[in-house]
């Protein structure tokens with residue numbers, strides 16, 4: 001079994017595979033997990049408005065029927081469509097105007113964290129006092145449609161922190177053609193990386209994620225666990241859910257290395273390459289400028305699971321990457 005080096009190497013792949021979820025199984029993720037330890041933040045890529053309304057109604061209905069809070073933050077047109085799809089359940093759903101909320105929280109073309117907390121955050125905290133809130137929000141989609149991709153990603157990041165803190169069951173949505181038509185794929189990678197699950201019509205999620213996704217993580221002990229959830233979500237969206245077990249082991253070793261050795265925030269890109277999925281962890285040098293460790297027991301595990309791995313220079317430190325064959 002060959003070990004890796006800066007130029008990469010090969011070895012056999014081990015790890016127990018598990019079946020990838022079928023597209024139709026996405027409905028099961030709308031069930032209520034009353035004791036979830038963290039929030040869920042999914043993104044739906046939809047083809048038409050009626051599909052959107054049905055999906056949002058299915059997302060909210062279990063909470064409404066269980067007497068738990070449900071909120072919709074959407075445009076007037078979509079609030080009307082969602083209300084029709086909910087039928088009698090609509091009376092118990094709190095509807096909020098997305099454009100009005102954006103006027104309250106945006107400053108100089110960017111979301112203000114303090115204003116977000118005072119507007120959206122305050123409403124979510126109020127709802128969370130009555131149970132685990134099911135939420136549909138399209139504030140980010142409104143910004144994206146207006147050509148404000150950077151502001152949209154900033155706002156999505158604020159949502160992600162809030163969803164995790166309050167254990168929100170949060171659904172966002174974008175027209176598949178809107179994100180698929182973007183010439184610059186970097187914002188798409190960032191956007192998808194800020195969700196725990198990417199769902200949509202057959203092949204839509206995989207098409208949008210054709211160049212992969214990436215997400216930044218802070219220098220915290222809980223960061224490797226959050227990174228594992230992110231990687232599994234992207235693998236499933238890419239139709240590579242069978243790689244979840246070896247991928248989480250590889251990611252754990254690389255992310256723990258970044259937090260413990262480099263003492264640094266880190267970035268995790270996940271991307272399809274020829275016949276494989278490449279996962280990397282790029283550190284930022286740490287407070288003392290120390291890079292990721294390039295050897296040791298942890299990377300021996302990576303070498304055992306990956307078909308190839310290696311080390312490259314990143315913007316502020318090093319990136320260790322591993323490829324898992326499909």
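Peptides 213-222, 132-141 ranked from most to least packed by the mean count of surrounding Cβ atoms within 10 Å: 132-141, 213-222. Subtracting the Cα-Cα distance of residue 273 and residue 146 from their residue separation scaled by 0.36 nm leaves 42.5 nm.
For the pair residue 220 and residue 112, a Förster radius of 30 Å applied to the C-beta separation gives a FRET efficiency near 0.80, rounded to the nearest 0.05.
Since every read-out is calculated from the coordinates, none of them should be taken as a lab result. Keep in mind that this is a model prediction, so the values were computed, not measured. No Cβ is skipped: glycine too gets one built from the backbone with ideal geometry, and neighbour counts run over all protein chains shown.
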